[in-house]
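Enquirer: What follows is a structure written as structure tokens; I'll ask about it next.
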Amino acid sequence: MAKITRSISAKKSSVPSVPKKVAMKAAKAGPKRVAKKSAKPKSPKQKPWTPAEIHEAFSRFRKANPEPKGELEHLNPYTLLVAVVLSAQATDAGVNKATRALFAVADTPVKMLALGEEKVREYIKTIGLYRNKARNVIALSEKLINEFGGEVPRTRAEIETLPGAGRKTANVVLNMAYGEHTMAVDTHVFRVGNRTGLAPGNTPLEVELGLEKVIPLEFMLHAHHWLILHGRYTCLARKPRCEVCLINDLCRWPEKTV
């Protein structure tokens, strides 16, 4: 009897076959290369000011304005505190216009509390966010009476517990009312510190600490006023007046016009 042999069919692979044309094209192209991202050119790092340059800059500020004054009108530490709280997102001139009449009738926490939130609103309604600010003025007045004997406290931590008062408010009050060597960083000081290269920083706190570190002690009492006034009237945000700047030869800003 003849032996019957059966052919065993090969098992089909589970991996799908690649079309011949595609395979040949891939072989010619070679391995795929990952395109490298072009690195952005880094802006040149500003050269730090030397101690001699910093001393020279503030000597010029002092010579030009020996006794700089804050532009917020006030009668005592309490009215200064209220004025600074009201000045958030508002101009000093606008705050002064509203507070002249307000402080004439309420220059203490007790008088302000007696006046009441509704009447405070009427006095300050020309100021931005006046409803919330009126609420804060009444609340901080009440807290001063209940926790501080009606007096504005003399430490930053205590002032910062008052409604509407932050670190900048505390620094202004401590400096102007009590003669502390604090550095209040508003938008003007923040801009000047960064633009000039005097104390660059990403946050107001970084600029504040940087300025405190480099400014000589003899200038610290008036330093924040000099920098505020410089930013407000000379080192303007959109169109800085480099041609009349007292420190244009020291400034590190690469785009200055002189």
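The values are calculated or read from the model by the stated rules, or taken from the named source; none is laboratory data. Source: prediction; values computed, not measured. Positions of Cβ are generated from backbone atoms using ideal geometry, with glycine treated the same way; all protein chains shown enter the neighbour counts. Remember, those area values only see protein heavy atoms, side chains included, never the ligands or the DNA or RNA. Shrake-Rupley method; radii C 1.70, N 1.55, O 1.52, S 1.80 Å.
Enquirer: For labels at L236 and R252 in the simple 7 Å Cα→Cβ model, what's the distance in nm?
Expert: Rounded to a tenth, the inter-label distance reads 2.6 nm.
Enquirer: Carbon and sulfur together cover what percent of the accessible area of the stretch 130-227 at a 1.4 Å probe radius?
Expert: The computed percentage sits at 51.
Enquirer: I would also like to ask the following. Between A93 and A52, how many nm apart are label points set 7 Å from Cα along the C-beta direction?
Expert: 4.2 nm
Enquirer: Let me ask something else about it. State the Cα centre-to-centre distance between the stretch 181-254 and the stretch 68-110 in whole Å.
Expert: Cα centroid of the stretch 181-254 versus Cα centroid of the stretch 68-110: 24 Å apart.
Enquirer: Per 0.36 nm of contour for each residue apart, how much would the distance between N146 and K119 grow if the chain were fully extended, relative to their Cα-Cα spacing?
Expert: Using 0.36 nm per residue and subtracting the Cα-Cα distance, I get 7.6 nm.
Enquirer: Another one. Estimate the FRET efficiency between L205 and A157 by the formula 1/(1 + (r/R0)^6), using the beta-carbon distance for r and 22 Å for R0, to the nearest 0.05.
Expert: E(calc), rounded to 0.05, equals 0.90.
Enquirer: Provide the net charge surrounding C251, with neighbours chosen by a C-beta distance below 11 Å and charges set as Lys +1, Arg +1, Asp -1, Glu -1.
Expert: Local net charge: 0.
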